[in-house]
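Here the structure is laid out as structure tokens; the discussion comes afterwards.
The values are calculated or read from the model by the stated rules, or taken from the named source; none is laboratory data. Quick caveat, the model's predicted, so the values are computed rather than measured. Here the Cβ positions follow ideal geometry from the backbone for every residue, glycine too, while neighbour counts run over all protein chains shown.
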Amino acid sequence: MCGIVGYIGRRDATPVLIQGLKRLEYRGYDSFGIATVGSAIEVYKKNGRISDGEAGVVGLRGCTGIGHTRWATHGEPSDLNAHPHTDCSGRIAVVHNGVIENYGELKRQLAGRGHTFRSETDTEVIAHLIEEHYDGDLLAAVNATLPLLRGSYAVLAIAEDTPQIVAARDASPLVLGVGDAEIFAASDMTPLLEYTERVIFLEDGDVADLAPGRYTVYHGGQTVERPIELINWCVEDTRKGGFAHYMLKEIYEQPQSFYETIRAGIDEHVRQMVMEADEITLVACGTSYHTALAFKYLAEPLCNIPVRVEMGSEFKYFTPPLRGLAIAVSQSGETADTIAALKMAKARNCPTLAITNMQGSTVTRVADETLLMRAGPEIGVAATKSYTAQLAALMEIVNLRCEGAFDDVLSHAHLAIGDVLLQDINEAVALCSKAEHVFFVGRGAFYPVSMEGALKMKEISYVHAEGYAAGELKHGPFALLTPETPVVAVCTPGPTYGVMASNIKEMKARKAPVIALGVAGDTELAEIVDIFIPIPNTHLLVQVLTASVVLQLLAYHTACALQRDVDKPRNLAKSVTVE
Ligand code: F6R
């Protein structure tokens, strides 16, 4: 949550910072701000979206600056609570991503020593602590401040009259971009893509001293070398490319991102790890939890291996006994709960694997091995192409355990994904956009698919939706079925087809309109439901993908019909870096 960006070099910093913040806006978008080192520290910060307030930055000068886009944790979204925060004299400015847990105590002490606070944020204490230690040496002042902080941070600090940024990270991500006589810093790689492909992923505990064209990284007071890595994304991937929303673009990119993830394959170390496991535990949150659950429903019957799936947020407090391989599934690789669970699995001596879309992210640093998805940057807050790319990685594991039995299925699956992108779902959209509540139901692997369909619907359209295992609906939720409560049911041939068809009839008997996803040509199913949406009659693995994509489109078009802010749904942020 929250995105930070810094620039030091030969360009005017303001446009670089604003452009960078726009790329990071998916991390939080309730307010934004920048500070530059001009003749003094110049600050502009504003409640609301960058596009609504960016005109105010005109006039900020200097080739050194820092910026922030916020997802509020301490203090409501407001101009005053927006970052950057400054010290009493306005000579020092900081931006911060993370949470300072002991800020209350620090604030009381600082106020007792005469500091005046202007915001309700935890971050402001950092500016005042640096002020107390600042005698013209910003690096020394930051170094003296950091040991006083408890919690998580990625911090950028500037001081007046100094072409310098001091960057520090502990448990929040921070990447440096190395350009030609210019250095960038950001919460992730996306703001850097325009300028450089050379990046340094800072480690927890690192402090970096940045000057035009030069950087030094310290750890524990000593200079350290951090490797320069090359980014495997390009800037075009971060543009909307003529689509109305990033989300739609990303839905349409799925044939390619799925194919690329399959094509990248699994390296030898990961192969060995997967083949040696006699039990697998997956930890994940949100959409990633749903892909993990889909894996369970696929891997247990197909590969006969016990699979346990745990929510990252519960794992820390209710840690199950662990055996075998632990896999953390996380698009961003920065989800606090998933990272905490991964660390606990590691502490219990489980071999650990990270499945992520983010090269250099924290999960890749914690886990023994990484399986990198090839989804490219996902800007829409709602996960779409990262969901199917996660499924690609997890289906690869299923395939590996089944000795390549699904090689052919997986190498052609992208074609079926492409087919369903063209599916007409207008009638279903019309029904859902008039509803207050929508149920999504399925059995087996279609149960997590239904949960994901419901999550997409509620997060971007704000229509209340529930994903249920179809058989559970009559154990309570049936009380909610009315002619105004659509049920979206996934019902494809297989052992549960008959019982699903009976469930659908029971729902119809309660007058709930039923939208069914079934295989093309299933006229029997089409006859008993109100709206029938065909998906290709293919292997179960592919049906899981195609059904999911149709449900993404249903949520997307419903949200558009209701004129929602599809790419930036209210109250959310893409990367949830707080517990
Ligand atoms: C929903 C969504 C979230 C994330 C969740 C975990 O569309 O994107 O539910 O899936 O916050 O994020 P990652 O995968 O980055 O760990």
Taking region 350-370 on its own, how many of its residues are out of contact with any Ser or Thr (no Cβ under 8 Å at 6 or more places or on another chain) and at pLDDT 95 or above? 2
Sole miss for Gln272 among (1) without any contact (Cβ under 8 Å) to a residue 24 or more places away in the chain; (2) buried (at least 22 other Cβ atoms within 10 Å of the Cβ) is condition (2)
For region 275-288, which positions are under 21 Å from the mean Cα position of the chain (by Cα) and without any contact (Cβ under 8 Å) to a residue 60 or more places away in the chain? Leu282, Ala284
Looking at region 157-212, which of its residues are of a type in the set (S, T, N, Q) and buried (at least 20 other Cβ atoms within 10 Å of the Cβ)? Ser172, Ser187, Thr190
Give just the number: which of (1) within 22 Å of Pro255 (Cα to Cα); (2) more than 16 Å from the ligand (Cβ to nearest atom) does Ser548 not satisfy? (2)
Cβ-Cβ under 9 Å, sequence separation 6+ or interchain: first residue in region 300-319 and over 21 Å from Glu396 (Cβ atoms) and in the same structural domain as Ile397 (by TED's automatic domain parsing), partner within 16 Å of the ligand (Cβ to nearest atom) and of a type in the set (Phe, Trp, Tyr). Which pairs? Glu310/Tyr289; Met311/Tyr289; Gly312/Tyr289
Of the residues that sit in region 224-269 and are among the polar types (S, T, N, Q) and surrounded by fewer than 19 Cβ atoms within 10 Å (Cβ to Cβ), which one is nearest to the chain's Cα centre (by Cα)? Asn232
Can you pull out the residues in region 377-423 that are within 25 Å of the chain's Cα centre (by Cα) and part of a loop (DSSP other than H, G, I, E, B)? Pro377, Glu378, Ile379, Gly380, Val381, Ala382, Ala383, Thr384, Leu421
Within region 310-366, work out how many residues are away from the ligand (no atom under 14 Å from the Cβ) and in a strand (DSSP E or B). 4
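Against the definition (outside any helix (DSSP H, G or I), in the same structural domain as Ala559 (by TED's automatic domain parsing) and either in contact with a Gly (Cβ under 8 Å, 6 or more places away or on another chain) or within 16 Å of the ligand (Cβ to nearest atom) (or both)), how does Gly467 come out, yes or no? Break it down into steps so the answer makes sense when it comes.
Numbers: outside any helix (DSSP H, G or I): yes; in the same structural domain as Ala559 (by TED's automatic domain parsing): yes; either in contact with a Gly (Cβ under 8 Å, 6 or more places away or on another chain) or within 16 Å of the ligand (Cβ to nearest atom) (or both): yes.
Spelling it out, Gly467 is indeed outside any helix (DSSP H, G or I), in the same structural domain as Ala559 (by TED's automatic domain parsing) and either in contact with a Gly (Cβ under 8 Å, 6 or more places away or on another chain) or within 16 Å of the ligand (Cβ to nearest atom) (or both).
Residues that are of a type outside the set (Gly, Ala, Ser) and free of Cβ contacts under 8 Å to residues at least 60 places away in the same chain, at least 3 per element: which helices (runs of 4 or more DSSP H) completely within region 12-118 meet that?
Values: elements: 13-24, 50-53, 103-112.
Helices (runs of 4 or more DSSP H) meeting the threshold: 13-24, 103-112.
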Considering Glu427, Glu396, which residue is within 20 Å of Gln272 (Cα to Cα), more than 13 Å from the ligand (Cβ to nearest atom) and at pLDDT 95 or above? Glu396
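What number of residues within region 486-504 satisfy the criterion of being among the aromatic types (Phe, Trp, Tyr) and in contact (Cβ under 8 Å) with a residue 40 or more places away in the chain?
Quick first cut of region 486-504, residues among the aromatic types (Phe, Trp, Tyr) only: 497.
Next, from what is left, pick out any that are in contact (Cβ under 8 Å) with a residue 40 or more places away in the chain: none.
Residues in region 486-504 being among the aromatic types (Phe, Trp, Tyr) and in contact (Cβ under 8 Å) with a residue 40 or more places away in the chain: 0 in total.
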I'm told Arg570 meets every condition in (1) touching a helix residue (DSSP H, G or I) at 6+ places or on another chain (Cβ under 8 Å); (2) of a type in the set (Lys, Arg); (3) at pLDDT below 95 except one. Can you identify the failing condition by its number? (1)
Reported set for region 397-443 where residues are among the small types (Gly, Ala, Ser), touching a Leu at 6+ places or on another chain (Cβ under 8 Å) and assigned by TED's automatic domain parsing to the domain that holds Ser548 is Ala428, Ser433
